[in-house]
Amino acid sequence: MKKALIVVLVATASPAALAWGPLGHRIVAETAALLVEDDLPATWGPLISRHRFELGVYAFLPDASFRHLDGAEGNIEAETHYLNLDTPPGETARRGSVDRRAAQFLELARAQLKDLHAPKGGYQRGATATGDTRRVFLALYDLGVMAHYSGDASMPYHATSDFNGYAQGEGGIHFYFESDCVNALEPGLAKDVLAASRKNRIRWLRAWNVTASRPAELVTSVLKDSLDAVAKVAALDKRHAVTKLQPPGSPLNAERKPAVSGCISMRDVIVDRLARGAVLTAALWESVLPKDVDFSTALDLQFSDMELDPAYVAPQ
């Protein structure tokens, strides 16, 4: 566990995040937990909400830990964080599989919870919990990790093969948008993401036109939104942040203003994308939370520890 904590801290300090940065993933997961509390206030909602910090940490583990595994596992993991919807037909190499990866961890959570009846306890260690309470502890881990991949689906540059803007001479836009801008705009961003999620979730879920019973397809619907947003982000970047473009196709990054000034124009689209990730995540979570669980002996259940050094689950 000590080794895993070090990995998390080092990765959090690194500017070279390859998905939403740690703050972005935390906002998606914590917002989703609050949406579940809105929907299920008498059952799962309070428990999920109480553990929203833990869910936010789990949501960053695929970047902080899984990507840095030695050998083939690290290489395999990298391709589970995106799905290039603009890849030409027949060119499947490195297209990505974030839709299937989200569905995989959702099914792991479902398996943990399917026989759940009556968890017990107040403040306790998940590592030593037994029975139904242990199942809840392990399911929270699976749900949190899943939130990473559903969060990735809402990030525009995880849906395009031009993942960092190099084809447009706009190199570096991926990390600037998802990490530098989020860091510069938070605190304050999370509050607006929650408000946008609550305001728009019904409309978005209807527009995606896929139920959470088909998780991979629902994730792909959100990725289509993300791909549509690429042009808008690129235009805002060029107009308000970039001070020097590179030639199209150059491997060099464009020069940009500091995020504190260059990202202001992107705030609305960042709020929108993070909110969509939270709405997607909450819908997927709720699809596997059993409805007939007796919480009468677990009204104050709170785990004092976290699952931070689990065995790696390879993509299917």
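The values are calculated or read from the model by the stated rules, or taken from the named source; none is laboratory data. A quick note: this is a predicted structure, and the numbers were derived from the prediction, not measured. We place every Cβ from the backbone using ideal geometry, glycine too, and count neighbours over all the protein chains shown. All accessible areas refer to the heavy atoms of the entire protein, side chains included, with ligands and DNA or RNA removed. Shrake-Rupley method; radii C 1.70, N 1.55, O 1.52, S 1.80 Å.
For this structure, a couple of remarks:
- Principal axis extents of the C-alpha atoms in the range 207-315 (largest first, rounded to whole Å): 61, 36, 31.
- When peptides 58-68, 141-151, 210-220 are ranked by their average number of other Cβ atoms within 10 Å per residue, the highest-first order is 141-151, 58-68, 210-220.
- Apportionment of accessible area to carbon and sulfur, the chain, percent (1.4 Å): 56
- Computed from backbone phi with θ = phi - 60° and the Karplus coefficients 6.51, -1.76 and 1.60, the 3J(HN,Hα) list for the range 254-263 is 5, 8, 9, 5, x, 4, 4, 10, x, 8 Hz; x is used for glycine and proline.
- Correct choice for Cα extents along the principal axes in Å that was computed from the model, options [x] 63, 44, 39; [y] 52, 46, 42; [z] 53, 51, 43: [x]
- Note that the range 176-217 presents 54 Å² accessible area per residue, ligands and nucleic acids not counted, probe 1.4 Å.
- Backbone phi angles across the range 147-162, fed through the Karplus curve with coefficients 6.51, -1.76 and 1.60 (θ = phi - 60°), yield HN-Hα couplings of 4, 4, 6, 5, x, 4, 5, 8, 8, x, 7, 9, 10, 10, 5, 7 Hz in residue order; Gly and Pro are listed as x.
- Relative packing of 254-261, 130-137, which averages over residues the other C-beta atoms within 10 Å, highest first: 130-137, 254-261
- Note that the range 238-316 presents 49 Å² accessible area per residue, ligands and nucleic acids not counted, probe 1.4 Å.
- Helix 267-288 axis versus longest C-alpha principal axis of the chain: approximately 30°, rounded to the nearest ten.
- Here's the list of lysines a cross-link from Lys257 could span, going by alpha-carbon distance under 24 Å and ignoring same-chain residues fewer than 8 apart: Lys232, Lys238, Lys244.
- Take the range 30-90 with all the other protein chains still there, run a 1.4 Å probe, and you get 39 Å² of accessible area per residue.
- Nearest-0.05 FRET efficiency for Asp115 and Ser213, computed from C-beta distance (R0 22 Å): 0.65
- Rounded if a/c under 1.5, otherwise prolate or oblate - the range 154-198, Cα gyration tensor axes: oblate
- MRE, 222 nm, helices only [DSSP H, n ≥ 4, -39500 (n - 2.57), over the chain, to nearest 500]: -16500 deg cm²/dmol
- Each peptide among 302-313, 232-243, 100-111 gets the average number of other Cβ atoms lying within 10 Å of its residues, and from highest to lowest they stand as 100-111, 232-243, 302-313.
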